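Heads up: the structure comes next, in structure tokens.
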Amino acid sequence: MILDCAGKRLDLSRPRVMGILNVTPDSFSDGGRFVALDDALRQAEGMVDAGVDIIDVGGESTRPGALATTVDEELVRVVPVIERLHERFDTPLSIDTSKPEVMRAAVSAGAGMINDVCALGVPGATAAAAALAVPVCLMHMQGEPRTMQTAPQYDDVVADIIQYLTGRVDACIAAGIDRARLLVDPGFGFGKSLQHNLVLLRDLRAANVDIITIGQYLQPTRKHAEVKGFVTPEEFKAYETTAYAKGFLLVSATPLTRSSHHAGEDFARLRAARDKQLRAGAAR
């Protein structure tokens, strides 16, 4: 499958690496480091040199406890960065936002995909995405960033998330968004306890989900996963090595560590793991 990201192609016939560029003062990993335009451009250049396949630009923090950002604040942060990146690089760009106004401005500036933690749930977002005709990633999040980690609960975390995302996909299709432009993200760490995340790691691969999925790389859970027994060391190693579960074709280079958004070592390690898995598959 090849996504047309506003004229820039993203081939999903194999796993891809997404670089995360937060131009915010308060993101959980790199808040404040890339607020200045020149700093953001240097970081993006490092990502491209390291071989990322798409760069995701975000202007509003979604870390636990984060406060909402106004439309104007978000526009000032992301639009100049996207304009410059679009001019300078052939790498596809995505905009990480839930606001329809920001979606429209970002796509006009050069973004070729919408990455929405609210799964187009904000009023006007579905209509905006349908009109913009770019690929959309729909993420599951229980609650909102300010409250999402306050005792999240599920009847069945895997089934509940699949039901939610399937419902959002159906709503998007009904609004006129082509199914081929829809991706989904189970939202590891967004309104989920450690156990919820680990159950997702263990069981999502076995779920029969007929949708392309974008997944996050969760290296830091290895120790907790093994100690608590939710997954075996072998199972977690398999997930860590491939950095994607069954159906996970677009891999996000966002391990939940302070080095998660650093260009170079993180991306090189992810690409090496991905290429190793592809070679193993070709040998079988």
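Where a number appears in this text, it was derived from the coordinates with a stated rule and is not lab data. All figures in this text were calculated on a predicted structure; none of them were measured in a lab. A quick note on method: Cβ atoms are made from the backbone with ideal geometry, for glycine too, and the neighbour counts reach across all protein chains shown.
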Self-check item: Separation of the Ala68 and Asp203 label points, Cα + 7 Å toward Cβ, nm
Solution: 3.3 nm
Quiz item: What ³J(HN,Hα) values, in whole Hz, does the Karplus curve 6.51 cos²θ - 1.76 cosθ + 1.60 give for the stretch 122-136 when θ = phi - 60°, with x put for Gly and Pro?
Solution: 6, x, x, 6, 5, 5, 5, 5, 5, 5, 6, 6, 10, x, 10
Practice problem: Subtract the Cα-Cα distance of Met1 and Arg104 from 0.36 nm times their separation in residues, and report this length gain in nm to one decimal. | Solution: 34.6 nm
Exercise. Provide the per-residue ³J(HN,Hα) series for the stretch 179-194, in order, calculated from phi with Karplus coefficients 6.51, -1.76, 1.60 and θ = phi - 60°, each as a whole number of Hz, with x at glycine and proline positions.
Key: 4, 5, 9, 9, 10, 10, 10, x, x, 3, x, 9, x, 9, 7, 4
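Can you tell me how much longer the chain between Ser13 and Glu87 gets when fully stretched, taken as 0.36 nm per residue apart minus their C-alpha distance, in nm with one decimal? Don't skip to the end; give the middle numbers.
Working: separation 74, 0.36 × 74 = 26.64 nm, distance 2.65 nm.
Here the answer is 24.0 nm.
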Quiz item: Under a 5 Å amide H to amide H cut-off, with H placed in plane at 1.01 Å, what residues pair with Thr24 once short-range neighbours are removed?
Solution: Gly32, Phe34
Quiz prompt | Ordering of 11-19, 104-112 by burial proxy (mean other Cβ atoms within 10 Å per residue, highest first) | solution = 104-112, 11-19
Practice problem: Apply 1/(1 + (r/R0)^6) to the Cβ-Cβ distance of Gln153 and Arg179, taking R0 = 30 Å, and write down the FRET efficiency to the nearest 0.05. | Solution: 0.45
Quiz item: If we sort 114-125, 152-163 on the protection proxy, mean other Cβ atoms within 10 Å, highest first, what's the order?
Solution: 114-125, 152-163
